[in-house]
Amino acid sequence: MTREFNLRASPEFDLPPDRTALIIVDMQRAGLYPNAGLSALHARQAEKSYQEYQQYARSTLIPNNVRLLERFRALGMRVIFLTCGSFYSDAADMYAPRRRMDLETQKRTGVKTTFTVGEHEHGVIDELTPRSDEPVFNKLGSDGFIGTALDQVLRWMRIDTMVVTGVGTPYCVESTVRHGADLGYAVAVASDACGTSDMTLHEHSLRVMHQRYAMVRTTAEILAMLPQPAAARRG
């Protein structure tokens, strides 16, 4: 579903292992597992677009995140996870449009779509379980830099380059990418390691980011820019 971007609008740059971090955005159970949150709602409504998205998530989105995570870990590179969720059961701390949308959806359908920090559905999917030395920054809105220590931690680790993956592409991914670019980071986006339930919006968002904010490449292209792990080279 995700096409390669041959128009090289954004500048190309290297991914130095000592200065590059993998930022995994909102790869949470509530959004990706079919029995929880928005996934449960879409599944119940039997939306064709969502069925296609679930197939894409299982066949492409999740496996590509796993591939990138494994390579970064094998190279000893930095990994940071972002999540989105409330600290309160009534989502009082979430940004107003999201809070209203989720509460109205729950009232109308009976399906809970917002989960608090610590709830099982709020957590990162099992395939990408964070390690103890991989920070998980929870955000209360779309932008991974607002209200979190992301920028501070990246700068203290002397990271100036990011590879961004996750969901949803035109929402939390793009918001984080735009802010990162404005802060001066070199931002790469793994196009087929991102997604959203409307893949037309996904493609449009990738084009917007590619034109102005990020170097958009496929997972295979990004992996080709990274060194092979030492064990693989010896083999």
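Every number here is computed from the coordinates shown, using simple stated rules; none is lab data. It should be emphasised that the depicted structure is a prediction, and the values quoted were computed from it without experimental measurement. Glycine gets a Cβ as well: all are built from the backbone with ideal geometry, and neighbour counts include every protein chain shown.
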Going highest first, how would you order 150-158, 50-58 by mean Cβ packing within 10 Å?
-> 50-58, 150-158
J(HN,Hα) series, the range 113-125, from Karplus relation 6.51 cos²θ - 1.76 cosθ + 1.60, nearest Hz, glycine and proline x = 10, 10, 10, 7, 4, x, 6, 4, 5, 6, x, 5, 4
Mind putting a number on the dipole of the chain about its Cα centre? Charges go on the C-beta only, +1 for Lys and Arg and -1 for Asp and Glu, and I need it in Debye to the nearest 20.
-> 180
Express in nm, to one decimal, how much length is gained between MET199 and ARG67 on full extension, taking 0.36 nm for each residue of separation and deducting their alpha carbon distance.
-> 45.4 nm
So for the range 20-234: antiparallel DSSP bridges make up what percent, rounded to the nearest 5?
-> 5
Mind ordering 188-199, 208-219, 133-144 by average Cβ neighbours within 10 Å, highest first?
-> 188-199, 208-219, 133-144
Note, the range 15-29: 3J(HN,Hα) by Karplus (6.51, -1.76, 1.60, θ = phi - 60°), whole Hz, Gly/Pro = x, goes 10, x, x, 7, 10, 10, 10, 8, 10, 9, 9, 6, 7, 10, 4
Using +1 at the Cβ of each Lys and Arg and -1 at the Cβ of each Asp and Glu in the range 20-234, identify which of VAL79, VAL173, PRO97 lies farthest towards the dipole's positive end.
-> VAL79
Can you bin the range 152-235 into rounded, prolate or oblate? Criterion: square roots of the alpha carbon gyration tensor eigenvalues sorted a ≥ b ≥ c, rounded for a/c under 1.5, prolate for a/b above b/c, oblate for the rest.
-> oblate
Of TYR88, ALA186, VAL136, which is farthest along the charge dipole of the range 20-234 in the positive direction, counting Lys and Arg as +1 and Asp and Glu as -1 at C-beta?
-> ALA186
Between GLN106 and ALA92, 0.36 nm times their residue separation minus their Cα-Cα distance comes to what?
-> 3.6 nm
